[in-house]
Amino acid sequence: MSRHHRIAAIPGDGIGKEVMPEALRTLEAAQRRFGFRLDVTPIAWASCDYHAQHGQMMPDDWKAQLQGQDAILFGAVGWPATVPDHVSLWGSLLKFRREFDQYINLRPVRLFEGVPCPLAGRKAGDIDYVVVRENTEGEYTNLGGVMYPGTEREIVIQETVMSRFGADRVLRYAYELARSRPRRHLTVATKSNGIAISMPWWDGRADAVGADFPEVTVDKQHIDILSARFVMQPGRFDVVVASNLFGDILSDLGPATTGTIGLAPSANLNPERRFPSLFEPVHGSAPDIYGRNIANPVAMVWSAALMLDFLGEREAHDAIVRAIEQVLREGPHTPDLGGQATTTSLGEALAQRVAG
Ligand code: ATP
Ligand code: MG
């Protein structure tokens, strides 16, 4: 695999513009230490600033501009004071997900030492799993409608669409990920006792795909008890795979159990690399704290590390994660972690540790 990678860096809006420079700083340090090369194209569109000037979130040829990149590093989008959230979101990120067929949404969930856990009695190491969400089909469709509207007989129907192609590819990805981790365990989120057609079918696809992975242990859990166990018994989980709706919920619940939203990273992957994959923090543009240099840059920096892992730079990924562990343990800490440090000083501390 080549060690020369082309990436687009899109800060977007709000604190996206504050945390992106810290990710780039860490990536600089990682390149010097590990000897790979990143060609970074900074991109100012996919932002509400661009919208203010052009009346749309992105140029018409956005796809051509990004198509040749190996990955997209994304900050955050949204500035509701000037552009409604549905316009900024549908005009940028959701277009990337869809047009670049980023069918895997990946969210690692980890409790770090030095970070207060909202769950009583949990310590670092007790929570360490990955949520794999199907990102393109399932419960999120526009199929259905309201019959007899406005009458006593009013009926609403909303369809779920799952394809063998779509389910198998996310399940296969999750099995492969589970096989690559020490515990080799996969939890399949389901609700086959209540959702009587699609979910038993989903369970069947999980069994069929699982036939190729005898070394992975599997348990299927109904989404209700699974959610409860994210809170009560998080140590049970290693890799969790879920349909679009269930995955959406789990991938917010999981990070919420590990402290601040300022830590949670995510990846939107097209694993076949036909299109660029996108790496972004889970948090949004946080207008309430923008401009004060207090946003926690860890989620952005960890997202950059996930990008390096995807690009084959495993060592650099591991070094960044170790730097995050150290800084969370020893400081400096931004206000969301209970400290008084700035975005910049935390970013510098991370980059220094990555530099070795
Ligand atoms: P979305 O973009 O999904 O609509 P949102 O706008 O509802 O999300 P965020 O922008 O993520 O939410 O902000 C939610 C809260 O978390 C805000 O109070 C914000 O200040 C805080 N927050 C978000 N990201 C960070 C961060 N990196 N560091 C510190 N606080 C953060
Ligand atoms: Mg927002």
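The values are calculated or read from the model by the stated rules, or taken from the named source; none is laboratory data. Quantities reported herein were computed from a predicted structural model and do not represent experimental measurements. Quick reminder, even Gly has a Cβ in these numbers, built from the backbone with ideal geometry, and neighbours come from all protein chains shown.
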Review point. Which one of the conditions (1) within 16 Å of ligand 2 (Cβ to nearest atom); (2) surrounded by 24 or more Cβ atoms within 10 Å (Cβ to Cβ) does residue 23 fail to meet, given that it meets all the rest?
Key: (1)
Check your understanding: Scanning for something assigned to a loop (DSSP other than H, G, I, E, B), closer than 30 Å to residue 210 by Cβ, in contact with a Phe, Trp or Tyr (Cβ under 9 Å, 6 or more places away or on another chain) and outside the structural domain of residue 329 (by TED's automatic domain parsing), does region 138-151 turn up at least one residue?
Key -> yes
**Study point:** Residue among 159, 154, 113 that is in contact (Cβ under 8 Å) with a residue 60 or more places away in the chain and of a type outside the set (Phe, Trp, Tyr)
**Key:** 113
Point to revise | Scope region 33-57; condition loosely packed, with under 15 Cβ neighbours inside 10 Å and among the small types (Gly, Ala, Ser); matching residues | key: 35, 44, 52, 55
Study note, to complete from the structure: Note: among 83, 77, just one is within 13 Å of ligand 2 (Cβ to nearest atom), of a type in the set (Val, Ile, Thr) and in contact with a strand residue (DSSP E or B) (Cβ under 7 Å, 6 or more places away or on another chain), namely 77
Review point. Got at least one residue in region 306-320 being under 30 Å from residue 209 (Cα atoms), in contact (Cβ under 8 Å) with a residue 60 or more places away in the chain and surrounded by fewer than 19 Cβ atoms within 10 Å (Cβ to Cβ)?
Key: yes
Practice item. Kindly establish whether residue 247 is outside the structural domain of residue 140 (by TED's automatic domain parsing), of a type in the set (Gly, Ala, Ser), within 16 Å of ligand 1 (Cβ to nearest atom) and surrounded by 22 or more Cβ atoms within 10 Å (Cβ to Cβ). Key: no
Review point. Quick one: is residue 68 in the same structural domain as residue 318 (by TED's automatic domain parsing), in contact (Cβ under 8 Å) with a residue 40 or more places away in the chain, within 16 Å of ligand 2 (Cβ to nearest atom) and of a type outside the set (Asp, Glu)?
Key: no
Practice item. Of the conditions (1) away from ligand 1 (no atom under 16 Å from the Cβ); (2) surrounded by 13 or more Cβ atoms within 10 Å (Cβ to Cβ); (3) over 17 Å from the mean Cα position of the chain (by Cα); (4) modelled with pLDDT of 95 or more, residue 124 clears all except one; give me its number. Key: (4)
Exercise for review: Determine the pairs where a residue that is assigned by TED's automatic domain parsing to the domain that holds residue 82, located within region 3-26, has a partner that is of a type in the set (Lys, Arg) and away from ligand 2 (no atom under 16 Å from the Cβ) with Cβ atoms under 8 Å apart, the partner being 6 or more residues away or on another chain.
Suggested key: 3/37; 4/37; 5/37
Review point. Does region 50-57 include one or more residues that are within 14 Å of ligand 1 (Cβ to nearest atom) and either assigned by TED's automatic domain parsing to the domain that holds residue 235 or not hydroxyl-bearing (Ser, Thr, Tyr) (or both)?
Key: no
Study note, to complete from the structure: Of (1) under 14 Å from the mean Cα position of the chain (by Cα); (2) within 15 Å of ligand 2 (Cβ to nearest atom), residue 295 satisfies every one except (1)
Check your understanding: Which ones in region 59-107 are part of a helix (DSSP H, G or I), among the small types (Gly, Ala, Ser) and more than 13 Å from ligand 1 (Cβ to nearest atom)?
Key -> 64
Check your understanding: Do you know which residues across region 261-292 are away from ligand 2 (no atom under 16 Å from the Cβ), touching a helix residue (DSSP H, G or I) at 6+ places or on another chain (Cβ under 7 Å) and either acidic (Asp, Glu) or under 26 Å from residue 339 (Cα atoms) (or both)?
Key -> 263, 265
Review point. Taking residue 119, is it outside the structural domain of residue 207 (by TED's automatic domain parsing), under 26 Å from residue 253 (Cβ atoms) and away from ligand 1 (no atom under 16 Å from the Cβ)?
Key: yes
Check your understanding: When you go through (1) surrounded by fewer than 16 Cβ atoms within 10 Å (Cβ to Cβ); (2) under 15 Å from the mean Cα position of the chain (by Cα) one by one for residue 60, which number turns out not to apply?
Key -> (2)
Practice item. Kindly indicate whether residue 124 is part of a loop (DSSP other than H, G, I, E, B) and more than 10 Å from residue 258 (Cα to Cα). Key: no
**Study point:** Residues being over 24 Å from the mean Cα position of the chain (by Cα) and β-branched (Val, Ile, Thr) - total across region 143-181
**Key:** 5
